[in-house]
Amino acid sequence: MNDIAKYSLELKNKDEDYTRCRIAGLQKAYYKCEWKKGKLEDFGGAAGLIRSKEYKGYCFLCMTYHSHKSDELPKPAYMVEFSPLYNELGQMILIEYDRDVLFCSVDRGGYPENWDNPKLVDATITFWNNGTFEEFIK
């Protein structure tokens with residue numbers, strides 16, 4: 001089995017503030033839960049995309065943690081940590097995308113489209129069109 005799975009984005013909607021895309025074919029994103037010996041757990045929340053050197057034109061989809069401190073940089077400092085996300089087979093998720101994104105959001109799918117249609121909804125990624133970062137000017 002390949003350790004990588006590639007996905008593409010399909011535009012759902014866009015307005016002045018947000019762009020929402022369906023991650024075609026990915027119903028849920030998962031993280032490996034350290035305290036459960038690497039068991040896959042559903043993920044939805046703060047995410048990021050990091051461009052891959054090996055897979056040109058693709059980014060790793062990661063969960064992120066943002067902090068207002070750093071042990072290495074002078075104040076004010078802001079730290080972002082990344083950890084890869086996986087599909088249901090435990091493969092790291094690569095998204096076809098052309099740039100790094102420090103903050104976006106993943107809404108896990110995997111639930112029925114509606115009561116009459118049992119087809120499961122794919123995960124959605126939301127981008128902030130005008131950025132999210134204000135920490136240095138607050």
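The values are calculated or read from the model by the stated rules, or taken from the named source; none is laboratory data. The shown structure was predicted, so the numbers you read here are calculated from the model rather than taken from an experiment. For neighbour counting, all protein chains shown are included, and Cβ atoms are generated from backbone atoms with ideal geometry for every residue, glycine included.
Data overview
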{"read-out": "Flag for Ser52 being of a type in the set (Gly, Ala, Ser), touching a residue at least 12 places away in the same chain (Cβ under 8 Å) and either touching a Ser or Thr at 6+ places or on another chain (Cβ under 9 Å) or within 17 Å of Cys21 (Cα to Cα) (or both)", "value": "no"}
{"read-out": "Region 71-98, subset over 29 Å from Ile137 (Cβ atoms) and of a type in the set (S, T, N, Q), residue surrounded by the fewest Cβ atoms within 10 Å (Cβ to Cβ)", "value": "Gln91"}
{"read-out": "Number of positions in region 23-52 that are of a type in the set (Lys, Arg), at pLDDT below 95 and under 15 Å from Ile93 (Cα atoms)", "value": "2"}
{"read-out": "Candidate set from region 74-90 (those that are among the aliphatic types (A, V, I, L, M), farther than 16 Å from Leu49 by Cβ and part of a loop (DSSP other than H, G, I, E, B)); member that is modelled with the highest pLDDT", "value": "Leu89"}
{"read-out": "Check on Asp107, of a type in the set (D, E, K, R) and touching a Gly at 6+ places or on another chain (Cβ under 7 Å)", "value": "yes"}
{"read-out": "Enumeration of residues in region 103-119 that are part of a strand (DSSP E or B) and surrounded by fewer than 13 Cβ atoms within 10 Å (Cβ to Cβ)", "value": "Pro112, Glu113, Asn114, Asn117, Pro118, Lys119"}
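Here's the yes/no breakdown for (1) closer than 21 Å to Glu10 by Cβ; (2) surrounded by fewer than 16 Cβ atoms within 10 Å (Cβ to Cβ); (3) out of contact with any Gly (no Cβ under 8 Å at 6 or more places or on another chain):
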| site | (1), (2), (3) |
| --- | --- |
| His66 | no, yes, yes |
| Lys69 | no, yes, yes |
| Val101 | yes, no, no |
| Ala123 | yes, no, no |
| Asn129 | yes, yes, yes |
| Phe136 | no, yes, yes |
